[in-house]
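K.L.:
Below is the structure I would like to discuss, written out as structure tokens.
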Amino acid sequence: MLDKVEISIRDLEFDNHTFRPCRNKDGSFTQRWVPLGMPRVSAAMQRSVFFLFPFDARRGKPGMLPGATGFFVCRNSKKLHFELKHFYAVTNRHAVIECPVIRINSKSSGVRFIDFDPSEWIYSKTDDLAVADVTDYLKPDDKVSWVSEYDFASSSASALDARIGDQTIMLGLFADHREGAVNVPIGRFGNLAARPSDSAHVSLGRTDDFARPAFLNDMRSRTGFSGSPVWTWYSAYQDVEIDSIGVPDPDRDPPLHARLTLIGVHRGQFREPASLIDSLGEIEVASSMTVVVPAWEISKVLDLPELIRRREARDERPERIECSNNKILLMRRLEKKDT
């Protein structure tokens, strides 16, 4: 079995906790031990990120320096036991055109390359997204984790999983560290500035081919972070929408427990015009507002016919069917024991 783990709110390590009154559904209050402050990012979250390299045709192997970031997501099997998963590498389309080769950290060798060609990636028909099926490429020695599709932000206009003001976390390639012997993702932090709107398409510049509804993230960025995962995290006890005695209202606010949500894939900084005093005139400069392709667009790529066919064919393999049957048998034994 692969030494992997699914990313969850447990991967945000809070140093500070306190007892706070929590309103129950019946109107009564219960003191609960709740997290406060800025969390630390666990090693598991960092292992969900990989770096992308160009392919050097002259040397017949990956280039020397990484150029972009990507991360792993999973989809549970729909035919077999739910613990059997299909794994995918996710990044930007513009990243893999130049840097299609994946580098992941390995226990024994330090790093390992998966030599994809740009033609082997599956591209979104509408957004700056690229996905590669890596289920059969991952090995037990790989130090990787993943984001579950269940933790993707919702496209619903009334969704409470990612709201303006939520704190954001991005992990990716810091260009000044690109000569490292292993992948060392760097964190950047900010706040969610806007949810996607069908009436407000976002463009990175005048020549952007993917002007689409997108999250806006108030966070600084730079070269190398293209394709990075962006999460929001939230705790109701730090919300400004509280009642007069400082207790979150369950009829108005999101759930009282802390949560971690993947809002999507970072694709670059929003460009804005700047006027110069000299003869150069007007130019575009990068702002501190970044653009994030919504996570639900990843699900749309995973639903493309080619990837569906691959999942169905994989779940017909005898070894996966046997593994699924063993898991189902074990689950039934445990249920019988409990009763």
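The values are calculated or read from the model by the stated rules, or taken from the named source; none is laboratory data. None of the values given here were measured: they were computed from a predicted structure. Accessible surface is based on the protein model in full, side chains and every heavy atom, while ligands, DNA and RNA are left aside. Shrake-Rupley method; radii C 1.70, N 1.55, O 1.52, S 1.80 Å.
K.L.:
Round to a whole number: what % of the accessible area of the range 181-226 belongs to carbon and sulfur, probe 1.4 Å?
P.N.:
About 48 percent, which is the carbon plus sulfur part of the accessible surface.
K.L.:
Filter the cross-link list 61/107; 78/139; 61/85; 85/139; 79/139 down to pairs whose alpha-carbon distance in this structure exceeds 26 Å.
P.N.:
On the way: 61/107 21 Å; 78/139 23 Å; 61/85 30 Å; 85/139 14 Å; 79/139 23 Å.
Exceeds cut-off: 61/85.
K.L.:
May I ask you to rank 323, 99 by accessible area, largest first, using a 1.4 Å probe over the protein chains only?
P.N.:
323, 99
K.L.:
Taking all protein chains in place and a 1.4 Å probe, what share, in percent, of the accessible surface of the range 92-147 do carbon and sulfur account for?
P.N.:
Working: 1120 of 2250 Å².
Carbon-and-sulfur percentage of accessible area, whole number: 50.
K.L.:
Sorted by accessible area with a 1.4 angstrom probe, largest first, how do 316, 272 fall?
P.N.:
316, 272
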